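Structure first, then comments.
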Amino acid sequence: MTSPRVVVLTGAGISAESGVPTFRDADGLWEGHRVEDVATPEAYELQPSAVHAFYDARRAALARVAPNPAHHALAALEAAYGDDLLVVTQNIDDLHERAGATRVLHMHGELRSALCRGCGGRYAWDGDLGDRPPCPGCGATELRPDVVWFGEVPYEMDRIFAALERADLFVSIGTSGAVYPAAGFVQAASAYGARTLELNLVPSDGSHFFDETRHGPAGRLVPAWVAELLG
Ligand code: BJW
């Protein structure tokens, strides 16, 4: 039997039960600031030290969190489906990979990567950036977090849309549907002919676009859904 081709989009909600804060829930990131006001290149120009301190703290916090049953279930699905599963994550943590997943596209970048504003190189990075270390490629002290802020172009868009075009099933997990282009993937997948499913704690902004919605914690819903598929 052949597997359906599945594209899974994940957002901050899938890592919430691992202890990683979401952006727009009550106890969200940025301590009272709207993420739309601070996750911008302009905020970085105005307050680089504050932005570095924020991302340095989040990078260091990765050592204190671990994948939860939702990340493990998706890794198990990948083990069964191989190239027929693609996980597209908006998250900059590495919890999918630490659960064993290998086919993961980080469309909003990664905490464990630095981007040089001098030479444009991207470098695996586990330390701090706030102390302005030199770029391993060109030596400039122009390294910034390798993340996608508002107004910047997300990574891997060509590969993501190619996968959406081929998908039989599109599943969105733990994302509010407040940020484009990810928020539009459900409509694109539908237009290309895929069935669409939302797994989220509560209905998201785009719930009405999905063929089916299931509400509850990802740590319960995702393993149950994967068990159905692998049944
Ligand atoms: C659980 C749970 C549990 C909790 N179990 N669930 C006007 C109209 C339309 C678009 C625009 C517009 N003006 C500007 C735009 C474009 C703009 C945009 O979308 N703005 C909006 C404010 C409208 N977008 C951009 O600028 C993007 N770039 C772009 O569009 O370039 C143009 C282009 C595109 C394509 C091709 C070519 C050109 C860039 C967006 C960058 C977003 N960056 C951030 C920061 C990344 C770095 C970092 O992490 O610090 O990405 S912002 C932030 O939001 C982060 C997230 O990835 C993203 C999405 O958040 P997410 O994951 O959905 O989290 P939450 O907190 O919102 O939701 C959590 C959900 O989980 C909730 O629903 C909970 O219920 C749920 N949940 N516990 C299950 N246990």
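The values are calculated or read from the model by the stated rules, or taken from the named source; none is laboratory data. These numbers were taken from a predicted model, which means no experiment stands behind them. Neighbour counts run over all protein chains shown; Cβ positions are idealised from the backbone, glycine included. In case anyone asks, the SASA skips ligands and DNA or RNA and just uses the protein heavy atoms, side chains included. Shrake-Rupley method; radii C 1.70, N 1.55, O 1.52, S 1.80 Å.
Just name the residue that is nearest to the ligand (Cβ to nearest atom) out of those in the range 103-124 that are under 20 Å from D158 (Cβ atoms) and open to solvent by 40 Å² or more (accessible area, probe 1.4 Å).
Of all residues in the range 103-124, those under 20 Å from D158 (Cβ atoms) come to 103-110, 113, 115, 120, 122.
Still in the running and open to solvent by 40 Å² or more (accessible area, probe 1.4 Å): 103, 110, 120, 122.
Details: R103: 19, E110: 9, G120: 18, R122: 15 Å.
Filtering the range 103-124 for residues that are under 20 Å from D158 (Cβ atoms) and open to solvent by 40 Å² or more (accessible area, probe 1.4 Å), the one nearest to the ligand (Cβ to nearest atom) comes out as E110.
Answer yes or no as to whether V179 is within 7 Å of the ligand (Cβ to nearest atom) and without any contact (Cβ under 8 Å) to a residue 24 or more places away in the chain. The answer is no for V179. The set of residues in the range 129-159 being within 16 Å of the ligand (Cβ to nearest atom) and farther than 16 Å from V104 by Cβ consists of L129, G130, L143, R144, P145, W149, F150, G151, E152, V153, D158.
Between A162, A194, which is away from the ligand (no atom under 14 Å from the Cβ), assigned by TED's automatic domain parsing to the domain that holds A75 and out of contact with any helix residue (DSSP H, G or I) (no Cβ under 6 Å at 6 or more places or on another chain)? Walk me through it before giving the result.
On the way: A162 fails: away from the ligand (no atom under 14 Å from the Cβ).
Checking each option against the conditions leaves just A194.
Can you tell me which residue within the range 83-108, out of those that are in a helix (DSSP H, G or I) and free of Cβ contacts under 8 Å to residues at least 60 places away in the same chain, is farthest from A218 (Cα to Cα)? Give the steps one after another, and end with the answer.
So the first thing to find is which residues in the range 83-108 are in a helix (DSSP H, G or I), and the list is 83-84, 95-98.
Adding the requirement that they be free of Cβ contacts under 8 Å to residues at least 60 places away in the same chain leaves 83, 97-98.
Numbers: D83: 23, E97: 17, R98: 17 Å.
Restricting to residues being in a helix (DSSP H, G or I) and free of Cβ contacts under 8 Å to residues at least 60 places away in the same chain, the top hit is D83.
All of (1) among the small types (G, A, S); (2) more than 7 Å from the ligand (Cβ to nearest atom); (3) open to solvent by 30 Å² or more (accessible area, probe 1.4 Å); (4) out of contact with any strand residue (DSSP E or B) (no Cβ under 6 Å at 6 or more places or on another chain) hold for G184 with one exception: (3).
Among the residues of the range 50-102, those that are more than 15 Å from the ligand (Cβ to nearest atom) and among the basic types (K, R) comprise R64, R98. The C-beta contact set for the range 7-27 (first residue more than 16 Å from I92 (Cβ to Cβ), second residue within 6 Å of the ligand (Cβ to nearest atom), distance under 7 angstrom, 6+ apart or interchain) comprises E17/P217; E17/A218.
Among the residues examined, A124 qualifies as out of contact with any Pro (no Cβ under 7 Å at 6 or more places or on another chain), modelled with pLDDT of 95 or more and within 30 Å of P41 (Cβ to Cβ).
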